[in-house]
Amino acid sequence: MESLYKGDLAYVHAAAFGTLARGAASEIVRRLQSSPNQVRRVMDVGCGAGPLTEALLDAGFEVTGIDTSAELLELARANAPTAHFVHASAYEVQIRGNDAVVALGEPLTYHAEGADADNLISDFFQRVAEALPPGGMLIFDVIGLGDPSLAGRTWSSGDDWAVLVETTENQTERTLVRNIETFRRVGEAYRRSHEVHRVRLFDVRRLCEKLASCGFGTETAQSYGAQQLPPRRYAFFATRLAAADDPERRANG
C-alpha cells in the first residue's frame, strides 16, 4: 500500500482542499436517500480529512472511512469521531456489510508505478457488486481522456503554507504525474517536502462497460448536482441491479 498525503501535504489538503467534498455532499446524500434500497451503511473510500464523512454522518448514515494516509485519517477521526476508520487501500479493504460505496475526489485513479490499474479497478467493481445488495450504489469520479491538456504548473497558498504542482501527462500511456512541492511554516521558518502522485487516466465508455458487466446500471455526469467538476473529471452513479433487471446476466443465465 503506497502512502500519499504525508504530514505537511495532509495538513494543507485538510486546510484548503475540502471544497469539492463539501460541495458534492448534498447531491451524494440526495442520491443515497433516493436509492430504491434503504441505504444505512456507507463506505467512504479516500475519505481524506473527513469532510464527506461528516456530511454522511449528519444525514444519518453509518460511515466507514478508508484512506491510505495515516496522517489524513488522524485528522478525519478528530473531525468525525463517530465514524469508523480503516487505514487501507480500496483494493485491499473488506467491502461486505455496506449498502453503498463512495469514492469522491479521484481516489480510484491513484496507483503505484507499475501497477495494473485496469485489473485493479475491474476487480474492485466486481467486489463491490458482490458486496452490495440490489439497489446499492457505487458513486465515484475519475479523470478521463481527451482535451484540454492537464499538463502545466499551478500554485496556491495560505497563511502558513504554499503548494506548487507540476503536472505532466501521457494520454497514450493513460498516465498523469503530479510533482508536488509543499512549504509549511514551522516556527519562524518554512519546511519543504515533496511528493509524487501517479494517476491513471480512464476511458469513460469502457468503465461503463465494465460496470455493466458487473451488474450495475450507470449514469455519468461532469458534476455532483450544482458542484461542477474540474475539466475532464467524470462522476459515475452506479446502481446495483437485481438479477431480473440485469440484461447481461439474463442473457447469460
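Things worth noting here:
- In this structure, Glu92 does satisfy being surrounded by fewer than 16 Cβ atoms within 10 Å (Cβ to Cβ) and assigned to a loop (DSSP other than H, G, I, E, B).
- Listed by position, the strands (runs of 3 or more DSSP E) inside region 109-183 whose residues that are among the hydroxyl-bearing types (Ser, Thr, Tyr) and touching a residue at least 12 places away in the same chain (Cβ under 8 Å) number at least 1 are 152-157, 161-170.
- Candidates Ala226, Ala244 - the one that is modelled with pLDDT under 95 and open to solvent by 60 Å² or more (accessible area, probe 1.4 Å): Ala244
- Test: residue in region 102-110 that is at pLDDT 95 or above, open to solvent by less than 10 Å² (accessible area, probe 1.4 Å), within 14 Å of Leu52 (Cβ to Cβ) and not basic (Lys, Arg): yes
- The residues listed here are Asp123, Asp118, Asp99, Asp160; of these, the one that is crowded, with 20+ Cβ neighbours inside 10 Å and among the acidic types (Asp, Glu) is Asp99.
- Some residue of region 128-151 being in contact with a Ser or Thr (Cβ under 6 Å, 6 or more places away or on another chain), at pLDDT 95 or above, closer than 24 Å to Gln222 by Cα and exposed (fewer than 15 other Cβ atoms within 10 Å of the Cβ): yes
- Selection within region 25-75 - of a type in the set (Gly, Ala, Ser) and within 15 Å of the chain's Cα centre (by Cα): Ala25, Gly46, Gly48, Ala49, Gly50, Gly65, Ser69
- Identity of the residue in region 1-41, polar (S, T, N, Q), over 22 Å from Thr68 (Cβ atoms) and open to solvent by 50 Å² or more (accessible area, probe 1.4 Å), that ends up modelled with the lowest pLDDT: Gln38
- Residue within region 194-205 that is part of a loop (DSSP other than H, G, I, E, B), under 22 Å from the mean Cα position of the chain (by Cα) and not β-branched (Val, Ile, Thr) present: yes
- Here Glu62 fulfils each of the conditions (1) within 25 Å of Val163 (Cα to Cα); (2) surrounded by fewer than 20 Cβ atoms within 10 Å (Cβ to Cβ) apart from (1).
The values are calculated or read from the model by the stated rules, or taken from the named source; none is laboratory data. Note that this is a predicted model, so its numbers are computed, not measured. Backbone-built Cβ (ideal geometry, glycine too); neighbour counts: all protein chains shown. What goes into the accessible areas is simple: the full protein's heavy atoms, side chains included, and nothing from ligands, DNA or RNA. Shrake-Rupley method; radii C 1.70, N 1.55, O 1.52, S 1.80 Å.
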